[in-house]
Structures are given as structure tokens and as C-alpha cells.
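Written out below as C-alpha cells is the structure these notes cover.
The values are calculated or read from the model by the stated rules, or taken from the named source; none is laboratory data. Note that this is a predicted model, so its numbers are computed, not measured. Note that each Cβ is placed from the backbone with ideal geometry, even for glycine, and that neighbours are counted across all protein chains shown. Ligands, DNA and RNA are stripped out before the accessible areas are found, and what is left, the full protein with its side chains, is counted by its heavy atoms. Shrake-Rupley method; radii C 1.70, N 1.55, O 1.52, S 1.80 Å.
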Amino acid sequence: MPYDYDLFVIGGGSAGVRCARVSATHGAKVAIAEERFWGGTCVNVGCVPKKIMVNAAEYGGWIDDAPAFGWTVRKLGFDLGRLKAARDAEVARLNGVYGKLLGGAGCTVFEARATLVDPHTVQVGGRRVTAERIVLAVGGKSVRPEIPGAELGMLSDDVFDLEVLPRRLAVVGSGYIGLEFGCLFHGLGSEVDLIYRNELPLRGFDNDIRTALKEALAVQGIRQHAPRQLARLDRAGDGVLVTLDDGARIEADAVLLATGRAPNLHGLGCDAIGVECTAMGAVEVDEDHRTTVPSVYAIGDVTDKLNLTPMATAVGHALADTLFGKNPRRASYRDVPTAVFTNPPIGTVGMTEADAAALGPVDIYATRFTPMRHGISRREGRKALMKLVVCQRTRRVLGAHMLGEDAPEIMQGIGIAVAMGATKEDFDRTVGIHPTAAEEFVTLRTRTREAGVRAAAE
Ligand code: NDP
């Protein structure tokens, strides 16, 4: 063989590990390099530790609800240090699992930084290694906004180092990360100020969901400063003084800057070998995830397409099957369900009302209700919203959206139906599971309104 390996994967996150492991299972000779931690963002400083913290925050609400259900309880406090220890132990366990998976599949593992030397060569751990194909799976990292004092703010990675709960937390940005952390820290007991630049949080999601989320955050006591920009951060004693573009000032013990992430390409050597990037700084790939250098591929967040772990693993798997499994295929970026672990959480799949209505007439079916549990608990801010966007012509359900408890769990199943092209009538003839919130999705009989009629007439 003219090369040391059939495949060299740079980056041991969700995309890279799956691609390396499956390629090796197909019989390829594979090496993979990771400079920081196996499992990447998701396992170490993302989905996994975040979800454990979301779970911790949920207990706070349940303790508050319990007396209404007959329990005598006392909420004595929350210890972030104890949660951190349990969470970090679980993350360490998963790191080990990832390492074992790679070794078990027969991959050569480099715990070192790898950089590109030429289209078939990488520099790793002080030596040069060649491969027929190279996969870039180096992920992304949070970006600090360019404002005076930005260095005083935490990025999302830093949140996982906190040993003590900030009494007052200011969060900048209303994407997934800002909202999830804002909600979970509020649930753990912090006072939270959320600063974002549009009227509604969570741009890109269905507007009814965004409106309902804004309302739910307000009812719970999360202070929203919107539409506002961050002007500067200054040190104020042990804390930080946050100044907004209208001159308003917020005192906080900690500030989380959650204004987006960018591909992690610095120093990788893309320029040197001719791997081109998009205007947004992501690696440019074709539909098969091949870069502008034919022997080099890119998968996961470094391509900045749909920055979700399950998408990264799906793409990594498809690439491995294509290159080494005699099964050329592409993972579909359509109808990908997603969840935002706010409080209450959001689950969504398919098109928003606005996007669907821009293409033609749609029927909207929506309901808002208080889940049965909270008829008893009387907890504020628990109202759920469920919504279906249905094509008038084909009756296909184009989008399903939910804000409410268990929305992420519910939406996984709805996602199958939407991806299969289920019609509203398919939903209607499905018998509900009673009593659940999920049954509302199959009992939405009355059309709430129609939309997009003008677009269709034009
Ligand atoms: P997002 O791009 O989702 O959100 C960034 C937020 O910062 C938006 O509110 C954006 O506003 C705002 N913003 C951007 N630039 C500025 C600026 N200069 N000044 C003020 N505000 C600004 O990024 P996140 O970092 O929250 O998340 C990154 C990605 O990670 C997500 O898109 C998602 O794909 C993934 N993720 C998924 C999770 C999940 O599946 N549950 C959890 C966490 C992350 P505007 O909307 O106006 O642009």
C-alpha cells in the first residue's frame, strides 16, 4: 500500500469517531487523532454535561410542586460542586467508552494535534503519516463578541468549570446555548438576565413557539432585555458590570457570552493544501462531503451545515459506508428533528409556518393548554403549545412544533411520521395515548387558521 493508512480522521468528536469506527469495521486501515478529549464538544462540554445540568434544574421545580401532591418537603439548597462531581464522573466514563470503541474497532489512536501537510499527509505527534483519504472533523468553538471587556465573560466551555452557582448570571444571545444555560441556571437558583438583539428569542424557529417561549421565560422571572445589544463589560468588584446599547446597566456575578460558534480551523493547514472555505469560514464541501481537495473530506460542525450531534454522526456514518462499505449514500439534512432544552423545552421537526406559507397555502392546527400535572401544581409558566403546519394541497404535515414538558421525547416519534410524509389524516386516525400531552398531536381536529394563501395566488 502506498500510504500508511486508508483513512486518517482529524478530530475525535461525534462525527470523527463514528466515521473512523465504521470505516475500520468495513475493513479500512484507519487512524484518528484527537488533541483534547474523546467525544468532542457533545460529550465533554456540550449536550451530555448540559443535559445533566438540565435534569438537576428540573428537580428544583418538582420539589416546589410536590406539596400540591401531598408531599411534605423542604428545599434546603443546591450544591453545584456536588452536581459537578457527579457530572464530571459520568463524562469521564463516556470518554473511556469512546476510547474503547475506537480501539475495539482496530483504529490507531493518536492523542495529539494533527495538521495538514499535503493532500495525503498529516503531521501528528512529531511525525508525518500518510493516508489515501483524510477526513476533517475538527468541530467548532464558541466565538467571543468584539466588545470592550469581552474577556470578562465566560464561553460555554467555561460554564462546566464553575464550582459555585453564580447568584446573578447575565446571558448574551438567544440561540440554543444562551437559552438552555439561561433556563437551567434559573432553575438551579440563579437570577438570570437574558440579553438578545431581536424582539423574539431563538431566531429560525416557528414564531408561535418563539412568542410562547418569551412569555414562559417572563412568567418564570427570567428578565429579558430585548431587542438589545451588549455594549461593554467592566469589572465590578468580584462581579461584572454589563452595559447595554441603550446605556442600561446590569450587575452580574458571571456573564455567559453565547453569541455563536465558528469552525475550529485555526492552524489546521487548510490554506496550505488548497482546502477552500465558505464566506462564513466553514470548510466548503459538496453533497458527498468532499472538499475542494479530492482526497480530503469534512464532516460535522466544521462544515457549519446543521450543527447537531446526531447529524454529525449520521454524516460520518454515511461517509464511512460510501468510502469503504460498498454502500454509497448521503445522510439527509431534511426534516431533522431537534430540541432546545429550555424550560419548558422545545421540540420541532420540519418547516416553520412562515417558511411553509412562503411556498403555498397551509392549514395551521394549534393548541395551548396546561398539562394535567400543573392543574394540580399550579406552577406558573408551564403552558404547552403544540402546532402542526399542514400543506393544503397534499395534506402532508410539513412541520410539527411543541413547547412544553417532554417535547424533545415526543418529537422524536413525530419526526418519523413527518419524514415519512404522513398526512394530517394519518395523524387523525392514530389513536391517542390517554392521558398524555402527546395525544394532542393526534386530536387536533379544528383548523386554527390558514396561511400562505396570497403566496400561492401570486
Ligand atoms: P446560535 O447561532 O444558535 O445563537 C447565537 C445567538 O447569538 C443568537 O441569538 C444570535 O442572534 C446571537 N448573536 C450572534 N452574534 C451576535 C452579536 N454580535 N451580538 C449579539 N448577539 C449575537 O449559536 P449557539 O452558540 O447558541 O449554538 C451553536 C449551535 O450549536 C446551534 O445552532 C446548534 O446547532 C448547536 N447546539 C445544539 C443544541 C441542541 O441540540 N439542543 C444545544 C446547543 C447547541 P441572531 O439570532 O439575531 O443571529
Kindly provide the chymotrypsin sites (Phe, Trp or Tyr not before Pro) of region 65-95 that DSSP labels as loop, not H, G, I, E or B, and whose Cβ sees at most 13 other Cβ atoms within 10 Å. Trp71
Roughly how far apart, in whole Å, are the Cα centres of region 63-123 and region 166-227? 25 Å
Under 27 Å from the Cα of Lys424 - lysines, other chains or at least 8 residues apart: Lys383, Lys387
If you take the charge dipole of the chain about its Cα centre, with +1 on Lys and Arg Cβ and -1 on Asp and Glu Cβ, which of Tyr297, Phe110, Val17 is farthest toward its positive end? Val17
Mind listing the long-range amide H neighbours of Cys277? Cut-off is under 5 Å, sequence gap 5 or more, other chains count too, H placed in the peptide plane at 1.01 Å from N. Glu284
Shape box of region 1-136 [Cα atoms, principal axes, largest first, Å]: 72, 28, 20
I'm a student and want to see the number: the projected area of the Cα convex hull of the chain, averaged over all directions, in nm². 25.1 nm²
May I ask you to evaluate 6.51 cos²θ - 1.76 cosθ + 1.60, the Karplus curve with θ = phi - 60°, for each residue of region 238-254 and list the ³J(HN,Hα) values in order in whole Hz, giving x for glycine and proline? 7, x, 10, 9, 9, 10, 9, 5, 8, x, 4, 10, 10, 8, 9, 7, 8
Coil-residue trypsin sites (Lys or Arg not before Pro) of region 283-346, DSSP, other Cβ within 10 Å capped at 11: Lys326, Arg334
Return the FRET efficiency for the residue pair Glu215, Thr394: r is the Cβ-Cβ distance, R0 is 25 Å, and the value is rounded to the nearest 0.05. 0.15
Along the charge dipole of the chain, which of Thr278, Val397, Ala56 sits closest to the positive end, that is, farthest toward it, with unit charges on the beta carbon of Lys, Arg, Asp and Glu (+1, +1, -1, -1)? Val397
Name the residue from Thr423, Asn307, Leu217 whose Cα lies farthest towards the positive end of the charge dipole of the chain, charges +1 on Cβ of Lys and Arg and -1 on Cβ of Asp and Glu. Thr423
Just how large is the dipole of region 281-347 about the Cα centre, in debye to the nearest 20, putting +1 at every Lys and Arg Cβ and -1 at every Asp and Glu Cβ? 200 debye
Mind listing the phi-derived Karplus ³J(HN,Hα) values for region 108-114, rounded to whole Hz, using 6.51, -1.76 and 1.60 with θ = phi - 60°, and x for any glycine or proline? 7, 10, 10, 9, 6, 6, 10
Within region 98-216, what whole-number % of the accessible surface is contributed by carbon and sulfur, with the 1.4 Å probe and all protein chains included in the calculation? 49 percent
Based on DSSP H runs of at least 4 residues, each adding -39500 (n - 2.57), what is the mean residue ellipticity at 222 nm of the chain after dividing by all its residues, to the nearest 500 deg cm²/dmol? -9500 deg cm²/dmol
Dipole in debye (nearest 20) - region 173-260, about Cα centre, beta carbon charges: Lys, Arg +1; Asp, Glu -1: 200 debye
Can you pull out the trypsin sites (Lys or Arg not before Pro) in region 357-424 whose DSSP state is coil and whose Cβ has at most 11 other Cβ atoms within 10 Å? Arg378, Arg393
